[in-house]
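The values are calculated or read from the model by the stated rules, or taken from the named source; none is laboratory data. Not measured: the values here are computed from a predicted model. Neighbour counts run over all protein chains shown; Cβ positions are idealised from the backbone, glycine included. Areas reflect the complete protein model, heavy atoms only, side chains present, ligands, DNA and RNA absent. Shrake-Rupley method; radii C 1.70, N 1.55, O 1.52, S 1.80 Å.
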Amino acid sequence: MKPEEKRQLVEKALKSENPDALYMDGHDIAIIGIAQKSQHPPVVAYSEAQIIDNLMSWGMCHEEATEYYYFNIVGAWLGPEMPIIVTELSSLL
């Protein structure tokens, strides 16, 4: 599935339940679905590994991409509508 198709599918699914859900600009390729926590609206779920790979496709080395990811993405708090980032099992092996 193309990145823009992932985004459109998730936007359509969240339209009625959380139209204020936030997205990570430039990282549609890393969308893996929708996630929800108790007492919170559903939000977009992204793959940690795919975000880092995407940053590397922008010209960063792995170390730079990882540092950027932790400081600028994981370290940001944008409220309850912000995306959830998933560390996939394959990354733990």
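Do we have Asn18 as part of a helix (DSSP H, G or I) and of a type in the set (S, T, N, Q) here?
no
Hey, does region 8-23 have a residue that's at pLDDT 95 or above and closer than 21 Å to Thr66 by Cα?
Checked region 8-23: at least one residue is at pLDDT 95 or above and closer than 21 Å to Thr66 by Cα.
Please state which of the following conditions Asp53 fails to meet, knowing it meets all the rest: (1) open to solvent by 80 Å² or more (accessible area, probe 1.4 Å); (2) at positive phi; (3) modelled with pLDDT of 95 or more.
(2)
Which one of Glu4, Glu11 is free of Cβ contacts under 8 Å to residues at least 24 places away in the same chain, assigned to a helix (DSSP H, G or I) and of a type in the set (D, E, K, R)?
None of the others qualify; the one that does is Glu11.
What's the number of the condition Asn18 fails, among (1) surrounded by 18 or more Cβ atoms within 10 Å (Cβ to Cβ); (2) among the polar types (S, T, N, Q); (3) free of Cβ contacts under 8 Å to residues at least 40 places away in the same chain; (4) over 17 Å from Ile73 (Cα atoms)?
It is condition (3) that Asn18 fails.
Restrict the check to region 62-75 and report whether at least one residue is surrounded by fewer than 12 Cβ atoms within 10 Å (Cβ to Cβ) and farther than 17 Å from Asp25 by Cα.
Yes, because at least one residue in region 62-75 is surrounded by fewer than 12 Cβ atoms within 10 Å (Cβ to Cβ) and farther than 17 Å from Asp25 by Cα.
Please give the number of the condition Gly33 fails out of (1) on the phi > 0 side of the Ramachandran plot; (2) assigned to a loop (DSSP other than H, G, I, E, B).
It is condition (2) that Gly33 fails.
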